[in-house]
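As structure tokens, the structure follows; a few thoughts come after it.
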Amino acid sequence: MKLIVLSPDREIFNGEVTSIKVPGSGGSFELLNNHAPIVSSLAHGEVRVRTKTDEFKFKVEKGFIELLNNEISLLVQGYEEISE
């Protein structure tokens, strides 16, 4: 799946991923390859992104996610990196 993560002032990520877990307004959910189309608002929480070789996490205050034809757009406010 292709993922693009945008904040109001910059592009945070643009590339291929195997999954993404997000803090939806109604609870956390995970998107995998060939998932049904979805649009959802995001609540404050942790986003977890997996690629074929890596995993990274970050926090968001709020945002929106859209998935259509294995292309994910994630628009976030309050982006904060999580260091491990």
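A straight Cα-to-Cα reach below 12 Å connects Lys62 with the aspartates and glutamates Glu46, Glu80, residues fewer than 8 places away in its own chain not being considered.
One quarter of the surface of the convex hull around the alpha-carbon atoms of segment 20-79 equals 3.7 nm², the direction-averaged projected area. Each residue, Ser83 and Thr51, gets one label point 7 Å from its Cα in the Cβ direction; the gap between the two is 2.0 nm. Among the GluC sites (Glu not before Pro) in segment 35-77, those located in a DSSP loop and surrounded by at most 13 other Cβ atoms within 10 Å of their own Cβ are Glu61. How high is the FRET efficiency from Ile4 to Ala43, r the C-beta distance, R0 25 Å, rounded to 0.05? Once rounded, the FRET efficiency stands at 0.75.
Between Glu11 and Leu32, what's the calculated FRET efficiency when r is the beta-carbon distance and R0 is 22 Å? Round to 0.05.
Given R0 = 22 Å and the Cβ-Cβ separation, E is 0.40.
A DSSP coil position with no more than 11 other Cβ atoms inside 10 Å describes the following trypsin sites (Lys or Arg not before Pro) in the chain: Lys52. Within the straight-line cut-off of under 18 Å between alpha carbons, the aspartates and glutamates reachable from Lys2 are Glu11, Glu16, Glu30, Asp54, Glu55, Glu66, Glu71, sequence neighbours fewer than 8 places apart in one chain being disregarded.
Quick note: the coordinates plus some simple rules give every number you see, no bench work behind them. Please read these numbers as outputs of a predicted model, since none were measured by experiment. We place every Cβ from the backbone using ideal geometry, glycine too, and count neighbours over all the protein chains shown.
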